[in-house]
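Report on the following structure.
The values are calculated or read from the model by the stated rules, or taken from the named source; none is laboratory data. Fair warning: this is a prediction, and the values are worked out from it, not measured in the lab. Here the Cβ is made from the backbone with ideal geometry for all residues, glycine too, and neighbour counts use every protein chain on show.
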Amino acid sequence: MIEAADALELMAGEVSQIDAAFQFWLASTFAVIVAAHSIRETMTNRLKATITLLYVLLAIYSLTKSLGDFHQLMYLADFAATQGYELPTELNSIAGVIRFLLYFVGTIAAVIFVWSPGSNKGDAT
């Protein structure tokens, strides 16, 4: 039988997993943006499609992994509550919504950036 202290330790591990998945997605997003910017002038539509496909799959994987870890975290929080531990959930809920919005908007923005035409360098003064 699992003890409340073990559940709290497992919860800390789940939070770390959620953070790691988000950090991986965030680093990958910036890598896609930098790569697309670096080779913008020579990138073919086929390469753009390949980058987009791989990036979107990575974003979906990271998001579903985070959601799975979050589900496990909520299960453990419910168990801890039955053992008399009250855990703050309001700020965590707000952070979860913001994180989901970052996944959604960030992924769309990165894909748009990959497919946007290069800027005209002659406009800079």
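Whenever a residue of the range 53-76 is among the charged types (D, E, K, R), its partners that are modelled with pLDDT under 95, lying with C-beta atoms within less than 6 angstrom and at least six residues away or across chains, give the pairs 65/21; 69/14; 69/17; 69/18.
Scanning the range 15-32 for residues being touching a residue at least 40 places away in the same chain (Cβ under 8 Å) and either farther than 13 Å from residue 56 by Cα or hydroxyl-bearing (Ser, Thr, Tyr) (or both) gives a total of 6.
Checking 9, 41 one by one, the residue that is outside any loop (DSSP other than H, G, I, E, B) and within 30 Å of residue 117 (Cβ to Cβ) is 41 and no other.
Taking residue 76, is it touching a Phe, Trp or Tyr at 6+ places or on another chain (Cβ under 9 Å), surrounded by 14 or more Cβ atoms within 10 Å (Cβ to Cβ) and assigned to a helix (DSSP H, G or I)? When the stated conditions are applied, residue 76 does not pass them. Evaluation of residue 68 against the conditions (1) touching a helix residue (DSSP H, G or I) at 6+ places or on another chain (Cβ under 8 Å); (2) surrounded by 14 or more Cβ atoms within 10 Å (Cβ to Cβ) shows that the sole unmet condition is (1). If the condition is being of a type in the set (A, V, I, L, M) and surrounded by 16 or more Cβ atoms within 10 Å (Cβ to Cβ), then the range 34-61 contributes 36, 43, 51, 58, 59.
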